[in-house]
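Any read-out appearing in this document is the output of simple, stated calculations on the displayed coordinates, not a laboratory observation. All values derive from a computational prediction rather than experimental measurement. Every residue, glycine as well, gets a Cβ built from its backbone with ideal geometry; the counts of neighbours run over all protein chains shown.
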Amino acid sequence: MFVVIVGGGKVGLNTARSLTHMGHELIVVEQRRSRYELLKPELEEKLLFGDGTEIWVLEKAGMARADLVVAVTGDDEDNVIISEIAKLKFGVPKVVARVNNPRNQATFDLMGVDSTVCAATMMLSMIQHELPVHQFVPLLSLRRENVELVEIEVSHDSPAANMAIKDIRLPEGVLVIAVLRQGKALLARGSEVMLPGDQVLCLLEPGNEKALIRSFLPSRKPEDVQAETSIDAITE
């Protein structure tokens, strides 16, 4: 596999190291002269100096034959442009982009970027998971596969409380995969009984979040529950 990595910062460099170790062919595009000179002794012919948002630079990098493009600069606008050029100009099959500001995620989604990585969003999700404050926590979204992993609490008034998983009527497109109880994960076997206060890990199709919340938290409005863990609410 031939990979074009745009952005030679710590993320780009470590990605290049890992892919090289796995035996893949790659090139790293870096536009900062000082960083380029720093990377040159290690990457040698795998390094190209230039602005990755310029088409001629990407052509020189071999974008036309790339199997995968990784846009990991420190600027979201650049990463969007790189992703757009890769998809529309060169027809690259897969594009992975770094999202520095969670508020820009929607832009990457509109561009049809196959996969995005946002360290801030991932960190906030893990914090919400570790601190038992929120009743609903989105943990992971696989857009290309059209599936999400979420965590939801079993409230005391939940229809699921004190019921075996096999007897619970779940919304269409929702699958329970594990129950978190007292710091331990229990596989979602049909005979496992959910208790009030349990945290449940579910796989679901995007768009089914509100139906899931209504099933487990009937006394709360889904919009209010989701707002508590939204990026806007957290970063205001």
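Structure data summary
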item	result
Whichever aspartates and glutamates have a C-alpha closer than 20 Å to that of residue 10, once near sequence neighbours (fewer than 8 apart) are set aside	25, 30, 37, 42, 44, 45, 51, 75, 76, 77, 78
Gained length - residue 146 relative to residue 46, 0.36 nm times residue gap less alpha-carbon distance	32.6 nm
Global geometry of segment 128-235, whether rounded, prolate or oblate, following the gyration tensor of its Cα atoms and the 1.5 cut on a/c	rounded
Cα gyration tensor shape of the chain, rounded if a/c is under 1.5, else prolate or oblate by comparing a/b with b/c	prolate
FRET efficiency estimate (nearest 0.05) - Cβ-Cβ, residue 178 to residue 65, R0 30 angstrom	0.10
FRET efficiency for residue 32 and residue 205, using Cβ-Cβ distance with R0 set to 30 Å, rounded to 0.05	0.10
Segment 133-236: trypsin sites (Lys or Arg not before Pro) falling in loop per DSSP and having at most 12 other Cβ within 10 Å	144, 169, 189
GNM result for the chain, Cα springs below 10 Å: residue of 112, 190, 74 fluctuating most strongly	190
Shape metrics for segment 2-117, restricted to C-alpha atoms - Rg then Dmax, Å	12.9, 38
Listed peptides 16-23, 63-70 by packing density, highest first (mean Cβ within 10 Å)	63-70, 16-23
